[in-house]
Amino acid sequence: MLIFQEVKMRLSALVAMLALAAPCAATETPTIISLDDGGASQSFSGVSSGGAPTKFSLSPPSARSITFTLESVEDGCGVEMQRSSRLGYMAEFDRIPAKLVVAAKQGEVFIISFFQNRAAWIAKSPCSFSFEVE
């Protein structure tokens, strides 16, 4: 009987802690970019603020090379790029401005995330960026 009461007390404490815990922040879904086979250049721009990254997702319809050109208006921008054929982030994209030519496979997914760096986040200064995909 004593063991049952102890388990009941611990379970009640666990439920109380879960109820008081802060809700998880939902992640923003990426903006999907449609690439064509012709290799036409497409330009995009945006602002990342409040600590939330701005994400873009693209996938080529066929195997081809893709040129990414990234620029930022302020110094407070960071960028990360993921590629479905690799684990983790691409080390080639650690600073902006940057230009990178990638040999993409058919159906491979690229996700580009722009975000405020720590200094910009503390100063509450937005990260304005632009990029081009060709």
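The values are calculated or read from the model by the stated rules, or taken from the named source; none is laboratory data. Please read all numbers here as calculations on a predicted model, not as lab measurements. Every residue, glycine among them, receives a Cβ derived from its backbone with ideal geometry; neighbour counts consider all protein chains shown. What goes into the accessible areas is simple: the full protein's heavy atoms, side chains included, and nothing from ligands, DNA or RNA. Shrake-Rupley method; radii C 1.70, N 1.55, O 1.52, S 1.80 Å.
Among the residues of segment 37-59, those identified as under 14 Å from the mean Cα position of the chain (by Cα) and either modelled with pLDDT of 90 or more or under 23 Å from residue 69 (Cβ atoms) (or both) are 46, 47, 48, 49, 53, 54, 55, 56, 57, 58.
Flag: residue 71 does not match the condition of being of a type in the set (D, E, K, R) and at pLDDT 90 or above. Considered as a group, the residues in segment 103-119 that are hydrophobic (A, V, I, L, M, F, W, C) and over 17 Å from the mean Cα position of the chain (by Cα) include one that is farthest from residue 85 (Cα to Cα), and that residue is 119. Scanning segment 47-56 for residues that are within 14 Å of residue 112 (Cα to Cα) and either surrounded by fewer than 16 Cβ atoms within 10 Å (Cβ to Cβ) or of a type in the set (Asp, Glu) (or both) turns up 47, 52.
Among the residues of segment 4-36, those that are open to solvent by 100 Å² or more (accessible area, probe 1.4 Å) and at pLDDT 65 or above comprise 28, 29, 32.
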